[in-house]
1. Tally up the residues in region 51-94 that are part of a helix (DSSP H, G or I) and free of Cβ contacts under 8 Å to residues at least 12 places away in the same chain, please.
2. I'm trying to understand the selection: among the residues of region 11-50, which are over 22 Å from residue 166 (Cβ atoms) and either outside any helix (DSSP H, G or I) or modelled with pLDDT under 95 (or both)?
3. Select from region 52-63 the residues that are on the phi < 0 side of the Ramachandran plot, surrounded by 14 or more Cβ atoms within 10 Å (Cβ to Cβ) and out of contact with any strand residue (DSSP E or B) (no Cβ under 8 Å at 6 or more places or on another chain) and list them in ascending order.
4. For residues that are out of contact with any helix residue (DSSP H, G or I) (no Cβ under 6 Å at 6 or more places or on another chain) and at positive phi, tally how many sit in region 116-170.
5. Could you say whether any residue in region 96-105 is within 16 Å of the chain's Cα centre (by Cα), surrounded by 16 or more Cβ atoms within 10 Å (Cβ to Cβ) and either without any contact (Cβ under 8 Å) to a residue 24 or more places away in the chain or more than 19 Å from residue 27 (Cβ to Cβ) (or both)?
6. Go through the residues of region 145-160 one by one and say whether even a single one is closer than 21 Å to residue 37 by Cα and over 11 Å from the mean Cα position of the chain (by Cα).
7. Taking the stated definitions as given, is residue 98 over 21 Å from residue 153 (Cα atoms) and at pLDDT 95 or above?
8. Confirm whether residue 124 is surrounded by 20 or more Cβ atoms within 10 Å (Cβ to Cβ) and either assigned to a strand (DSSP E or B) or in contact with a strand residue (DSSP E or B) (Cβ under 7 Å, 6 or more places away or on another chain) (or both).
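The values are calculated or read from the model by the stated rules, or taken from the named source; none is laboratory data. Since the structure is predicted, the reported quantities are computational estimates derived from the model, not experimental observations. No Cβ is skipped: glycine too gets one built from the backbone with ideal geometry, and neighbour counts run over all protein chains shown.
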């Protein structure tokens, strides 16, 4: 007995991206300098993942911004430029003792999502929103993997999927 998902895939009605960057795909990484000791690990993970998945290093642009708050604006500008197939947003917002965390984390998430929807350019969300420095460290390359790497792989898959959608006339 076949699974219904297999039936769709065999009939050509299932589309998904591959984990290999299409030749010539252009990527941008927008990374904050605030909490740099965490964000540098995310950048390293993203760059490693992009190259391991076939992105050409010379077609990857790294843009640094002061903090998380500035990430959506620069993502939006890069997406509207038409020069990138996907963007990876990297930052770390770590909860403190004031409500500042809630405002920043919420607005960064909304801003990045809005930039992607408005431009049609995939922007993967590698912004850590953690309760502690220890959680951030765990997500930047230790116990919980590297969320910068995860975001870069999602960007590769979305570029590949966009290509498949175009081929299907969608």
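1. 6
2. Correct list: 29, 30, 31, 32, 33, 34, 35.
3. 52, 53, 56
4. Residues meeting the conditions: 3.
5. yes
6. Looking for residues that are closer than 21 Å to residue 37 by Cα and over 11 Å from the mean Cα position of the chain (by Cα), one finds at least one in region 145-160, hence yes.
7. no
8. Taking the combined requirement at face value, the residue satisfies it.
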